[in-house]
1. Give the number of residues within the range 90-103 that are surrounded by 24 or more Cβ atoms within 10 Å (Cβ to Cβ) and in contact with an Asp or Glu (Cβ under 9 Å, 6 or more places away or on another chain).
2. Under 7 Å between Cβ atoms, at least 6 apart or on separate chains: pull out the pairs that start in the range 148-172 with a residue that is without any contact (Cβ under 8 Å) to a residue 24 or more places away in the chain and end on any residue that is assigned to a loop (DSSP other than H, G, I, E, B) and not charged (D, E, K, R).
3. Looking for whichever is more than 18 Å from the chain's Cα centre (by Cα), among the charged types (D, E, K, R) and buried (at least 17 other Cβ atoms within 10 Å of the Cβ) here; the options are ASP78, ASP72, ASP58. Which one fits?
4. Considering only residues that are hydrophobic (A, V, I, L, M, F, W, C) and more than 16 Å from GLY106 (Cα to Cα), look in the range 72-87 and name the one that is modelled with the lowest pLDDT.
Amino acid sequence: MRDKDKEQEIFNNKSTVYGPVKSWRFGMSLGIDPIYQTSTCSFNCFYCQLGQIQEVTDLIKEYVPTEKVLEDYKLVKDSGEVIDVITYSGSGEPTLAANIDEMIAGIKKLSPDVPQYILTNATELYRPEVRKRILDLDCITVKLDAADEDTFQKINRPASGVTLERVVTGIKALRNEYKGKLEVQSMFMPLNKKNLDDYAKLLSEIKPDLVQLNTPKRPYPSEWHRENRGNHHKIFDYNVTDLKTLNESEAKELEEYLKENTGLSFLSIYR
């Protein structure tokens, strides 16, 4: 158990809204955290910026009241902060929040001209009701780090019962229903740089509008801290582990191979 002083230090951020933070893709991105209380996700990726996930689950429920999210958002909006996009992410998998559609609709009323995005691991998209909740978003970015079940289990370390087949099935179903921009985000490192033929085949089947090729430049924290949300400055007051990454030359080679074998559009973290 944590002592009370340490607990207060770690949980001192009381807002479900964080940032805006400078995104390499989106400009000034204001984060919305529909999970909030502790890190809760259907993945426990070994590269996660949140660190070890406290609750690895695919339980869908209301984690934080919609009213709190809207109140927290109003405070930032009224402060005059520059907001280019709103991004649902935060302390875990945002589609686990049963009321995420209420948050999307409420923020849309408050800021109708600000685009709303989501970063999702796609584990719940096989459920029609989950897909329906996020169809009004301007951009949906889904995670796809592996093209085979063994690599998927090693990298994403999902909740019991979650498989790569379930993830891909959900993404394909969303592709057929969603009218906005669908992107795939993949985290590459030496472990999953192999088996690119199967990965290219999956991308060709999904047909996303864009594929983001990332590599884990942020270290893996030894513990969860609410401030890890959007922590692009790598400021930590606890131990972290640097991860193996692809260098710029390796990333370029990977991008060129995938372009040639899929015909899709790519964006690398190195450019």
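1. So the count comes out to 8.
2. Between residues of the range 148-172 that are without any contact (Cβ under 8 Å) to a residue 24 or more places away in the chain and residues that are assigned to a loop (DSSP other than H, G, I, E, B) and not charged (D, E, K, R), the close pairs are GLU149/THR163; PHE152/ALA146; LEU164/ALA146.
3. Matching residue, one of ASP78, ASP72, ASP58: ASP72.
4. VAL82
The values are calculated or read from the model by the stated rules, or taken from the named source; none is laboratory data. Quantities reported herein were computed from a predicted structural model and do not represent experimental measurements. Positions of Cβ are backbone-derived with ideal geometry, glycine not excepted, and every protein chain shown enters the neighbour counts.
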